[in-house]
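Just below is one structure, and these are the notes that go with it.
The values are calculated or read from the model by the stated rules, or taken from the named source; none is laboratory data. Just so you know, these numbers come straight off a predicted model, no measurement behind them. Cβ atoms come from the backbone with ideal geometry, glycine included; neighbour counts cover every protein chain shown. Note: areas computed on protein heavy atoms with side chains; ligands, DNA, RNA excluded. Shrake-Rupley method; radii C 1.70, N 1.55, O 1.52, S 1.80 Å.
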Amino acid sequence: MRLRRLGRTGLDVSELTIGTATLATLASDMREASAALALALELGVNAVEIDAGDRDAASLLGAILRREGARNQVHVIARASSLVRFDLPSPHVPAQQAYPGAHIRAETETLLAILGVERLALQQLHAFCPEWRGEGDWHETFERLRAEGKIAGFGVSLFDHDVEAGLEIAASGTIDAVEVMYNIFDQSAATALLPLCQGHGVGVIARSPLYFGALASSRGGDMRDFPPEDWRSAYFFDAHRRETEERVRRLAHEVEPPDRSLSDLALRFCLSHPAVSTVAVGMRTREQVEANIEALRHGSLDASKCASLAGHKWLS
């Protein structure tokens, strides 16, 4: 497992990060999810990404870290949870309503206690709005938490395709990392944000590399059905699902050795940009862990392959 620097945190993280968003859902086999996490740690994955307010996932992760004796070996990338429920685009929500400093501190310290770790690698504001740069006390709170050794750095997490929201703050020198959607279908971050991050020493966590599971198939074809309680069942409404499936079928023609599947190709694509520090992937089974680690063993794609995949960009 290769390591890359996570921006100005000074930490070296594995190219693969375990996304925990679905780790402790009703659909999970908890024993299998626990075994998958343990296997990932054994195979060299040293980073996990978590919603700081997800107590179920945090409790499961904390139990595994204690059992495996890995509390000092794992870098935890967290996203603070907003006190105000909102979806973008929406009327502006002031930073002090969504992320007051007292809430950020309380949530950070609670997560540390549940996980049994001394500090987080990164704490972030999720669904970042550019207006927040001059609002609230979140920045001061992050600085104090870092001075106290409770976080190694702080940054922002961008909402879905809202790449522009991160441009100004990435260039400001005030954050250590950005979490952004980046995959073969949505390559918009590569236009301006990733070069900015690279130039200013800002780390990049690439999320949704498999476009919410659409690129997780072996050779393309119809997407699997999501249960009604899974938010993706509504996200992939009929027309969106049909177009996604057609684009996946076209993309499948790009799969060639050493890649064994679309997911192999998709993960290697994300790590082919030098600005990317790590790719966050949801994994709930040992089979998924082994497959994703095997994909990364082949390294980055060459320039000609990346140029070919540029023709498949779609979302922005």
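In this structure, does ILE64 turn out to be assigned to a helix (DSSP H, G or I) and hydrophobic (A, V, I, L, M, F, W, C)? Taking the combined requirement at face value, the residue satisfies it. In the range 279-296, the residues that are under 15 Å from SER261 (Cα atoms) reach residues that are surrounded by 16 or more Cβ atoms within 10 Å (Cβ to Cβ) and of a type in the set (Ser, Thr, Tyr) with C-beta atoms within less than 8 angstrom, at least six apart or across chains, in these pairs: ALA291/SER261; ALA291/SER263; ASN292/SER263; ALA295/SER261; ALA295/SER263. The set of residues in the range 224-257 being part of a helix (DSSP H, G or I) and of a type in the set (Asp, Glu) consists of ASP238, GLU243, GLU245, GLU246, GLU254.
Residue pairs whose Cβ atoms lie under 7 Å apart, separated by 6 or more positions or on different chains, with the first residue in the range 241-256 and over 22 Å from CYS306 (Cβ atoms) and the second of a type outside the set (S, T, N, Q), are ARG241/MET223; GLU245/ASP222; GLU245/MET223. Restricting VAL76, VAL84 to those that are buried (at least 17 other Cβ atoms within 10 Å of the Cβ) and not in a helix (DSSP H, G or I) reduces the list to VAL76. Taking (1) farther than 18 Å from ALA47 by Cα; (2) in a helix (DSSP H, G or I); (3) among the small types (Gly, Ala, Ser); (4) open to solvent by 30 Å² or more (accessible area, probe 1.4 Å) in turn, SER263 satisfies each apart from (4). Residues in the range 23-39: is at least one in contact (Cβ under 8 Å) with a residue 40 or more places away in the chain, closer than 21 Å to VAL178 by Cβ and open to solvent by 60 Å² or more (accessible area, probe 1.4 Å)? Scanning the range 23-39 turns up no residue that is in contact (Cβ under 8 Å) with a residue 40 or more places away in the chain, closer than 21 Å to VAL178 by Cβ and open to solvent by 60 Å² or more (accessible area, probe 1.4 Å). Evaluating VAL180 against the criteria (1) closer than 20 Å to GLN198 by Cα; (2) β-branched (Val, Ile, Thr); (3) assigned to a helix (DSSP H, G or I) leaves one unmet condition, (3).
Conditions first: (1) surrounded by 21 or more Cβ atoms within 10 Å (Cβ to Cβ); (2) within 14 Å of VAL289 (Cβ to Cβ); (3) out of contact with any strand residue (DSSP E or B) (no Cβ under 8 Å at 6 or more places or on another chain); (4) of a type outside the set (Val, Ile, Thr). GLU42 passes all but one, so which condition is the exception? Result: GLU42 passes all but (1).
Filtering the range 299-311 to residues that are open to solvent by less than 70 Å² (accessible area, probe 1.4 Å) and not in a helix (DSSP H, G or I) leaves GLY299, SER300, LEU301. Taking each residue of the range 177-189 that is within 11 Å of CYS270 (Cα to Cα) and without any contact (Cβ under 8 Å) to a residue 60 or more places away in the chain and looking for partners that are of a type in the set (S, T, N, Q) and open to solvent by 10 Å² or more (accessible area, probe 1.4 Å) with beta-carbon atoms closer than 6 Å, six or more apart or interchain, yields MET181/SER208. I'd like to verify a number: residues in the range 125-151 that are over 23 Å from the mean Cα position of the chain (by Cα), more than 23 Å from LEU112 (Cβ to Cβ) and in a loop (DSSP other than H, G, I, E, B), how many? Matching residues across the range 125-151 total 1.
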